[in-house]
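Asker: So that we are looking at the same thing, I have put the structure below in structure tokens.
The values are calculated or read from the model by the stated rules, or taken from the named source; none is laboratory data. None of the values given here were measured: they were computed from a predicted structure. Neighbour counts are summed over all protein chains in view; Cβ atoms, including those assigned to glycine, are modelled from backbone coordinates with ideal geometry. Just the protein is used for accessible areas: all its heavy atoms, side chains included, with ligands, DNA and RNA removed. Shrake-Rupley method; radii C 1.70, N 1.55, O 1.52, S 1.80 Å.
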Amino acid sequence: MPAPRLLRLLLLLVALACAASEVGCSDTRFPHLDRVRELHRREGRPAAEQEDAARGLLARLLPSHSGSFHFRVISTDQCGGKACFIVDNHPLFDGEGTPEVLLLGTSGVEISAGLHWYLKHYCAAHISWDKTGGAQLSSVPRRGSLPRVPSGGILIQRPVGWSYYQNAVTSSYSFAWWDWERWEKEIDWMALQGINLPLAFTGQEAIWQKVFQRYNISKSDLDDFFGGPAFLAWSRMANMHGWGGPLPQSWLDDQLALQKKILFRMYAFGMFPVLPAFSGNIPAALRSKFPSAKVTHLGNCNPKWCCTYLLDASDPLFVEIGKLFIEEQIREYGGTSHVYNCDTFDENTPPLSDPNYISSLGAATFRGMQSGDDDAIWLMQGWLFSYDPFWEPPQMKALLHSVPVGRMIVLDLYAEVKPIWINSDQCMLHNFAADFEMYGILDMVASGPIDARLSVNSTMVGVGMSMEGIEQNPIVYDLMSEMAFRRRQVDLQVWVETYPTRRYGKSIVGLQDAWKILYQTLYNCTDGKNDKNRDVIVAFPDVEPFVIQTPGLYASTSKTYLTKSSKNYIAVDASNNEYEHPHLWYDTNAVIRALDLFLRYGDEVSDSNTFRYDLVDLTRQTLAKYTNQVFVKIIESYKSNNVNQVSNLCQHFIDLVNDLDMLLASHEGFLLGPWLESAKGLARDKEQEIQYEWNARTQITMWFDNTKTKASLLRDYANKYWSGLLRDYYGPRAAIYFKYLILSMEKKEPFALEEWRREWISLTNNWQSDRRVFPTTATGDALNISRTLYKKYLHNADLIQLEGII
């Protein structure tokens, strides 16, 4: 099932991992990688087309300055054999409308990255996703007055050749409902960040349909194989089948057409899209047509949705299907970049640990790719090496050595927290399930790629970002994309000091001080823990109150007792219940001081959309942690048998939820409406509209295997701080739990856990099928609302005692 949340600081490493071999790799070359780079140069789009792509980006980003820049693609020979860009003063600039800046690059991506570098470092501009405030370009001087660069220009070489982007599940958590207009903006963003190795997974179900038709697998057979539009990532990974489906034929056709547009634009920029490869996941109908094939029935759950079928890589049919899938993609798309992603073993542990068996599986998996494309390179996520204890050194070595040297690239997905490059190779994960948390490890982002590249026997060939969800924490992505072009560690003290000036368009000392605090707190998580947001509001505990440990309790290994005796309370067996306390790695009072600075100096930049996003996000962050403390006080008061105190605190909690909803409504980056409306916007008829909206609502609440009285383990995994979701779902859910808390005290009976679950799951099912329409535009003044809530909840507040409430 889905992995936890992060921006995965991505380091791309070539397998074999030379540190594990008997010879050093410091001087090792990878001839096949060199060959593929040569193929990219030979098969890539013409220079004129790449220059046109960069000009189109500029016209969309900064149309007033379309004539201020001159773009030209150059050969790597002019860059010392490396990918690079050169920013120079245009020699023909005469102040009369001629170009002012000359941008040279080895591809359209390099030119675009050079444009971003110039705007960022010479014009103090900032570029982020629209939902996180968009581009701050007000600091760019008018046409004819652009800053000059040093005489002779500046040359920036990539230290390593590739910059990777996306995660296998980003396609569902973030991209599920995108149309071409949104994709065009994303590809522009990729080019500006210098990304040249993006995943390109859209529309693959239509390719699979064509492949399986050759085996007489019908559309109805595939209806139980493909997941619904919001769950395709997990049906592709063989985690489940059929959930949220069936996919209409129009969806398959439309997504294939969209993929062709995506690939055309990526290639136009000179990117190298990574296409999917066959991992062994097959429809049940194929098993019945090949009864002697080696097929494993995966999973131990409801076979209606999980227990998928995995074809063993050692079976001859595996290579045959793998070959057909690669060939069909090349035929349909008119080409390939020769890099393919396959994660057969990600969250699917092999049945045997024998290294010889593991090696044979890896070799057969690669043969499936190579048989369809003789120049294939296997790109594999290294996440399994971080979380699955199955992968000990002998098993890792067997898999990594099963493919010829230079034919496998491993993504070190969690390199900003738990790098495996020390033992193998490197990447950045950072976000799980597209949830909201101001979080990061800026020091590691600034140093990790440098340390990995300079390490003994390094096989690093790239960096990248592999978050599960995008459109959050813009500071982390701004820094990480820059590291693709840095040869030395960034001076973060200086970098962070200039960040708010670029982000907001003005230099304000108070906001610089605030960001220094945020750098030292929110963006300095060094405890090594996964940061999957489990705030009580968005991930409400599904446990009996006594399971939640609070001061005054003694906890044994199997039972929890109240230290005070009371006939209302009984010892409860906690062995089958778990409560995951929200992650807290920083001084909350320090972050409140940063928020106070935002509010004090906010009037100077209140017209800045980037500032308003950060203000809402920071206010949300502080109030969310405050609400966690309120919940702890509720449980403490329950155990102390203080009915009035519990009642007051529960109302205080609900008020917080509603006030947070009002805050989130003041910025477009925190609205539920766009997620639902974009889902409905892809529908061809009313039936599809209902199906797609149910998919969208279900992914962000509870899905897969719940019953009437047992919630799915995937509840709240993709939780969101979105206005509409708090008031309409999270608040009512909390109110149900609080109702049963108070009834337990009034009736002097144990907490009715099963009744709470029944009512909560019923609320969830009803909400998922509801058709209520939510706003798609922001309402309210973010600065005034934040000031009001700060004064109401945080000014002089004691977060532990909550004086004045109880």
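Asker: Pairs please, first residue from region 272-284 and assigned to a strand (DSSP E or B), second anywhere and of a type in the set (Val, Ile, Thr) and open to solvent by less than 10 Å² (accessible area, probe 1.4 Å), Cβ atoms under 7 Å, 6+ apart in sequence or on different chains.
Answerer: If the second residue must be of a type in the set (Val, Ile, Thr) and open to solvent by less than 10 Å² (accessible area, probe 1.4 Å), the pairs left are 274/339; 281/308.
Asker: Name the residues in region 125-136 that are within 16 Å of residue 193 (Cα to Cα) and part of a loop (DSSP other than H, G, I, E, B), would you? Full working, then the answer.
Answerer: The first filter runs over region 125-136 and keeps only residues within 16 Å of residue 193 (Cα to Cα), leaving 125-130, 132, 134-136.
125, 127, 128, 129, 134, 135, listed by residue number.
Asker: On to the next question. Is there any pair with a first residue in region 705-720 that is at pLDDT below 90 and a second that is acidic (Asp, Glu) and in a loop (DSSP other than H, G, I, E, B) whose Cβ atoms are under 6 Å apart and which are 6 or more apart or on different chains, and what are they?
Answerer: The qualifying pairs are 712/705.
Asker: Looking only at region 275-293, which residues are open to solvent by less than 20 Å² (accessible area, probe 1.4 Å) and in contact with a Phe, Trp or Tyr (Cβ under 7 Å, 6 or more places away or on another chain)?
Answerer: Passing the criteria: 275, 276, 277, 278, 280, 282, 283, 286.
Asker: Of everything in region 162-215, what is at pLDDT 95 or above, under 26 Å from residue 323 (Cβ atoms) and of a type in the set (S, T, N, Q)? Give them in sequence order.
Answerer: 171, 202, 204, 209, 213 - these are the residues of region 162-215 that are at pLDDT 95 or above, under 26 Å from residue 323 (Cβ atoms) and of a type in the set (S, T, N, Q).
Asker: Give the residue that is surrounded by the fewest Cβ atoms within 10 Å (Cβ to Cβ), with candidates limited to residues of region 478-536 that are small (Gly, Ala, Ser) and outside any loop (DSSP other than H, G, I, E, B).
Answerer: Going residue by residue through region 478-536, those that are small (Gly, Ala, Ser) are 481, 484, 505, 507, 510, 514, 528.
So of that shortlist, the ones also outside any loop (DSSP other than H, G, I, E, B) come out as 481, 510, 514.
Values: 481: 24, 510: 15, 514: 24.
Residue satisfying both the conditions and the ranking: 510.
Asker: Hey, another quick one. Give region 61-70 a look and list any residue that's crowded, with 21+ Cβ neighbours inside 10 Å and assigned to a loop (DSSP other than H, G, I, E, B), or say none.
Answerer: 68
Asker: Could you give every pair whose Cβ atoms fall below 7 Å, whose first residue belongs to region 401-413 and is closer than 13 Å to residue 363 by Cβ, and whose second residue is of a type outside the set (Val, Ile, Thr) and in a loop (DSSP other than H, G, I, E, B), counting only separations of at least 6 or pairs across chains?
Answerer: Here the result reads 401/16, each pair linking region 401-413 to a residue that is of a type outside the set (Val, Ile, Thr) and in a loop (DSSP other than H, G, I, E, B).
Asker: Working carefully through the options 115, 104, find the one that is open to solvent by 10 Å² or more (accessible area, probe 1.4 Å), outside any loop (DSSP other than H, G, I, E, B) and in contact with a Phe, Trp or Tyr (Cβ under 8 Å, 6 or more places away or on another chain). Quick ask: steps written out before the conclusion?
Answerer: On the way: 115 fails: open to solvent by 10 Å² or more (accessible area, probe 1.4 Å).
Criteria check complete, one pass: 104.
Asker: Also: Out of all the residues in region 342-381, which are hydrophobic (A, V, I, L, M, F, W, C), open to solvent by 10 Å² or more (accessible area, probe 1.4 Å) and assigned to a loop (DSSP other than H, G, I, E, B)?
Answerer: Matches in region 342-381: 345, 352.
Asker: Of the numbered conditions (1) touching a Pro at 6+ places or on another chain (Cβ under 9 Å); (2) of a type in the set (A, V, I, L, M, F, W, C); (3) not in a helix (DSSP H, G or I), residue 230 fails exactly one; give the number of that condition.
Answerer: (1)
Asker: To continue, here is another question. So residue 178 fits all but one of (1) out of contact with any Phe, Trp or Tyr (no Cβ under 9 Å at 6 or more places or on another chain); (2) buried (at least 22 other Cβ atoms within 10 Å of the Cβ); what number is the exception?
Answerer: Only one criterion in (1) out of contact with any Phe, Trp or Tyr (no Cβ under 9 Å at 6 or more places or on another chain); (2) buried (at least 22 other Cβ atoms within 10 Å of the Cβ) is unmet by residue 178, namely (2).
Asker: What's the total number of residues in region 382-404 that are at pLDDT below 85 and not acidic (Asp, Glu)? Explain how you work it out, then say what you get.
Answerer: If we filter region 382-404 for residues that are at pLDDT below 85, which is where we start, we get 382-388.
Filter again for not acidic (Asp, Glu), leaving 382-387.
Final tally of qualifying residues: 6.
Asker: With the requirement that a residue be buried (at least 24 other Cβ atoms within 10 Å of the Cβ) and either under 20 Å from residue 297 (Cβ atoms) or more than 22 Å from the chain's Cα centre (by Cα) (or both), what does region 214-230 give you?
Answerer: Once the filter is applied, which keeps residues that are buried (at least 24 other Cβ atoms within 10 Å of the Cβ) and either under 20 Å from residue 297 (Cβ atoms) or more than 22 Å from the chain's Cα centre (by Cα) (or both), region 214-230 yields 225, 226, 227.
Asker: In addition: Taking into account only those residues within region 137-163 that are open to solvent by 40 Å² or more (accessible area, probe 1.4 Å) and in a strand (DSSP E or B), which is nearest to residue 35 (Cα to Cα)?
Answerer: 157
Results for (1) assigned to a loop (DSSP other than H, G, I, E, B); (2) in contact with a His (Cβ under 6 Å, 6 or more places away or on another chain); (3) in contact (Cβ under 8 Å) with a residue 40 or more places away in the chain, shown as yes or no for each residue.
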{"residue": "49", "(1), (2), (3)": "no, no, yes"}
{"residue": "53", "(1), (2), (3)": "no, no, yes"}
{"residue": "56", "(1), (2), (3)": "no, no, no"}
{"residue": "72", "(1), (2), (3)": "no, no, no"}
{"residue": "77", "(1), (2), (3)": "no, no, no"}
{"residue": "85", "(1), (2), (3)": "no, no, yes"}
{"residue": "94", "(1), (2), (3)": "yes, no, no"}
